[in-house]
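A.B. asks: Just dropping this structure here.
The values are calculated or read from the model by the stated rules, or taken from the named source; none is laboratory data. Given the structure is predicted, the values throughout are model-derived calculations rather than measurements. Neighbour counts run over all protein chains shown; Cβ positions are idealised from the backbone, glycine included. Please note that ligands, DNA and RNA were not included when accessible areas were found on the heavy atoms of the full protein model with its side chains. Shrake-Rupley method; radii C 1.70, N 1.55, O 1.52, S 1.80 Å.
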Amino acid sequence: MKVNSMFNSFTTINPGFYTTIQDEGRWGYQAYGMPVAGAMDRYAYRVANLLAGNQANAATIEMTMLGAAFKFDENQLVAIGGADMQAKLDGESVSNWSSFLAPKGSELRFGYAVSGCRAYLALRGGIQVPSVLGSRSTYTRAKVGGLQGRALQQGDSLDIGRDFGREVRPRVLAAAFIPRYAQQIGIRVLPGPQDDMFTTEATATFFRSEYTISDEADRMGYRLEGPKISHVGKADIVSDALPLGAIQIPAHGMPIIMMADRQTTGGYAKIGTVIGPDLTKLAQAKPGDKIRFQKITEPEAVEALRQERESYLRILSSWEETPESAPGGCKRTLKVAVQGVEYNVEIEEISD
Amino acid sequence: MNGIKLLQAGEQGLVVEFGNIIDEVVNIKVHRLAKQLAQDSGSAILEVVPTYRSLLVYFDPLECSRRELGELITRLALAGEAAGGASSGRDAANIVHIPVCYGGEFGPDLDFVATHNNLTVDQVIAIHTSTPYLVYMLGFTPGFPYLGGMSEQIAAPRLEKPRVKIAAGSVGIAGSQTGLYPVESPGGWRIIGRTPIEAFNPEHPNPFLFAAGDYLQFKAVSRDEFGAIRREVAAGAYRPEITSLQRG
């Protein structure tokens, strides 16, 4: 037990299958061969942080397939989103895509993902592991970021930042913003950068066929199985950079989609790139799920990005009509600590 | 202008391709454009990733359209060509000096490389340290340099069965390439020596010892010197030797 700690903290009771600390990712160092990492599903990650009232880029917990269990050492506002892992707070079900108060001493347990693949746990204030090269994201292959560069283990205790901003009330995400995770997904693709290295028939096959996510699917990339894609000549290129969502086709003709932990460079021809807004669907897909690729144009892809960004603003504004800020009731609750004792202070603006 | 190609790499990625060969002149153009974009561009460019023969530019298409970015890049590339003519152009590059203790437990494959090329161990070391190598790009693991310019005289095939663990700092040869492992990793290169200095240390204020576009000059040191430098590195007192190379 910690006394007079600067931080709240929580403890990992059960680490689940593969649980790591992730934020927006370690951008800016790919020129040095440093993979970006970061949340696989940026939509679920960002929405969980919005639900928790966090700053952009706050570090969260990413769980995979089988969730973890945590115990809270202090009262803590938490938010969950992404895959539905049947979360229970002290045995009582809590809604996915919502934030709620986890009381001091309570246990939050996640189970198996009944829909989707990756769940996010955001904590008001964000997880306070050291920032390495501008990010707290865990990249396990080089043991960088997160907690000692590794996945969480039983007994790991983590600090949570204190946010002295406006008190955040528990929030619920409106149904319109909750994605449905399907086992057959359509993924939009922009051709390039090496689409000219494939035969016309192969390109047609790629955009017409159904591909299955193989068992080799992790944070680094997804290997797919399906009809073979043939190259005009060789499959190998002089290595160049691997953008997020790049679809590499090695000589065997089976696509590999490069995800968050991808290496920065690669030597196979790339037929196309999954658009950023559709990576959320891939991040929530599991081995055995089916993919169909849809070719789109550059303006369509930019429009999809604009819509994704707008959805975050719409989510934020959907909470503005709550009583705490509704007209006539400019009431705020502040947490004030006086000589180590915390008080909730309600402030109301009274206009005449 | 011998034609750059602008290629699509997702809605936030644009690839500027200068060629599709491993070539010093092509690579220097890549690094020059990377430097110019870092200086001349606004906030719309998020990150650039130089490789052997192209530059990936991550940008925000809601801040700057692909067409505008393409025009800026074409203008900069043209200006670069004009300044440098058809050759590589004139500019300065860093040479980072890398002390290496060759052979013994640090370089288990040094004897193989010598025997394979009908050379003595000393001749292999002399050839390996005879010239600076251009860092074409970094990749594979954080800080791993893809180097060019090693003599074919000391070329050696990869191991048939890669090693599961290669110590950080190991210097190796694969085909006619040479390089060093900044972090412990699996690998199939023939290991000829080890450097006591850290090519990558995320805790350090300058986490990467060298960047793409720099040159590495290997220098043979004794086992004792290796130990002395290692202690300096551990104490945070080691300063790598960096000199300047005038290109053009």
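A.B. asks: Among residues other than B:P186 whose Cβ falls under 11 Å from its Cβ, what is the net charge (Lys/Arg +1, Asp/Glu -1)?
C.D. replies: It works out to a net charge of +3.
A.B. asks: Also: I need two numbers for region A:8-177: Rg to one decimal and Dmax as a whole number, Cα atoms only, in Å.
C.D. replies: Taking only Cα atoms of region A:8-177, I get Rg and Dmax of 14.7, 48 Å.
A.B. asks: Please list, short to long, the whole-number percent of alpha-carbon pairs of the protein assembly as shown in consecutive 20 angstrom bins beginning at zero.
C.D. replies: Percent of Cα pairs in each bin: 19, 47, 29, 5, 0.
A.B. asks: Same structure again: State which entries of A:K286/B:K165; A:K281/B:K5; A:K234/A:K295; B:K5/B:K35 exceed 26 angstrom in Cα-Cα distance in the structure shown.
C.D. replies: A:K286/B:K165; A:K281/B:K5
A.B. asks: Loop-only check: which chymotrypsin sites (Phe, Trp or Tyr not before Pro) in region A:161-212 are DSSP coil with at most 14 other Cβ within 10 angstrom?
C.D. replies: Hits after loop and neighbour filter: A:F164.
A.B. asks: Continuing with this model, one more query. May I ask for the net charge around B:G236, where only other residues with Cβ less than 14 Å from the Cβ of B:G236 are counted and Lys, Arg are +1 while Asp, Glu are -1? Please list the in-between numbers first.
C.D. replies: Details: positive: B:R230, B:R231, B:R239; negative: B:E198, B:E203, B:E232.
Around B:G236, the charge tally is 0.
A.B. asks: Here's another thing I want to ask about it. With just the Cα atoms defining each centre, how far is region A:249-288 from region A:155-228? Give it in Å.
C.D. replies: 9
A.B. asks: Please state the equivalent ellipsoid semi-axes for region A:1-89: what are the square roots of 5 times the Cα gyration tensor eigenvalues, largest first, in whole Å?
C.D. replies: 24, 17, 14
A.B. asks: Moving to a separate point now. Treating the Cα atoms of chain A as identical point scatterers in vacuum, please give the log10 of the normalised Debye intensity I(q)/I(0) at q = 0.06, 0.09, 0.12 Å⁻¹, two decimals.
C.D. replies: The Debye formula, applied to the Cα set alone, gives -0.25, -0.53, -0.89.
A.B. asks: What are the membrane-span-like helices in chain A by this rule: whole DSSP H runs, Cα extent along the axis at least 24 Å, mean Kyte-Doolittle hydropathy at least -1.0? Before the final figure, lay out the partial values.
C.D. replies: On the way: long enough: A:298-318 (30 Å, -0.77).
For chain A, where a helix must reach 24 Å along its axis and average at least -1.0, the hits are A:298-318.
A.B. asks: Quick one: work out Rg over Rh on the C-alpha atoms of region A:184-306, Rh as Kirkwood radius.
C.D. replies: Here the Rg-to-Rh quotient is 0.92.
A.B. asks: What's the longest piece of chain A with no exposed GluC sites (Glu not before Pro), counting a site as exposed if DSSP puts it in a loop and it has at most 12 other beta carbons within 10 Å?
C.D. replies: A:1-319
A.B. asks: Continuing with this model, one more query. For region A:121-249, I need the span (max minus min coordinate) of the C-alpha atoms along each principal axis, in Å, sorted largest to smallest.
C.D. replies: Computed over region A:121-249, the largest-to-smallest principal extents equal 59, 39, 28 Å.
A.B. asks: Oh, and also: Across region B:5-84, what fraction of all alpha-carbon pairs, as a whole percent, falls in each successive 5 Å bin from zero upward?
C.D. replies: 3, 16, 30, 28, 15, 6, 1, 0
A.B. asks: Still on this structure, I have one more. Out of region A:148-213, which trypsin sites (Lys or Arg not before Pro) are coil in DSSP terms and have no more than 11 other C-beta atoms within 10 Å? List each step's numbers first, then the result.
C.D. replies: Values: sites: A:R150, A:R162, A:R166, A:R171, A:R180, A:R188, A:R208; in loops: A:R162, A:R166, A:R171, A:R180.
Of the trypsin sites (Lys or Arg not before Pro), the ones in loops of region A:148-213 whose Cβ has at most 11 other Cβ atoms within 10 Å are A:R180.
A.B. asks: Not counting ligands, DNA or RNA, and with a 1.4 Å probe, what is A:H231's accessible surface area in Å² rounded to the nearest 10?
C.D. replies: Accessible area of A:H231: about 30 Å².
A.B. asks: Under a 1.4 angstrom probe, counting protein chains only, how are B:L147, A:L313 ranked by accessible area, largest first?
C.D. replies: The ranking, largest first, comes out as A:L313, B:L147.
A.B. asks: Here is a follow-up. Which of A:T140, A:T280, A:T19 ends up with the largest GNM mean-square fluctuation for chain A, with Cα atoms connected below 10 Å?
C.D. replies: Of the options given, A:T140 has the highest mean-square fluctuation.
A.B. asks: Still on this model: Checking a compactness column here: for region B:91-247, what do you get for Rg(Cα) / (2.2 N^0.38 Å), N being the number of residues?
C.D. replies: Details: Rg = 14.6 Å, N = 157, 2.2 N^0.38 = 15.0 Å.
Relative to the rule-of-thumb radius for its length, region B:91-247 sits at 0.97.
A.B. asks: Can you bin region B:172-246 into rounded, prolate or oblate? Criterion: square roots of the alpha carbon gyration tensor eigenvalues sorted a ≥ b ≥ c, rounded for a/c under 1.5, prolate for a/b above b/c, oblate for the rest.
C.D. replies: Details: a/c = 1.39, a/b = 1.21, b/c = 1.15.
Note, shape of region B:172-246 comes out rounded.
A.B. asks: Set the Förster distance to 35 Å, then compute FRET efficiency between B:L78 and A:F207 from the Cβ-Cβ distance, nearest 0.05. Provide the component values of the computation, followed by the final result.
C.D. replies: On the way: r = 36 Å, r/R0 = 1.03.
Here the calculated transfer efficiency is 0.45.
A.B. asks: In deg cm²/dmol and to the nearest 500, what is the mean residue ellipticity at 222 nm of the protein assembly as shown if only DSSP H runs of at least 4 residues count, each as -39500 (n - 2.57), divided by the residue total?
C.D. replies: Taking each H run of at least 4 residues, the total per residue is -5500 deg cm²/dmol.
A.B. asks: Note down the net charge around B:Y52, summing +1 for each Lys or Arg and -1 for each Asp or Glu among other residues with Cβ under 14 Å from its Cβ.
C.D. replies: -3
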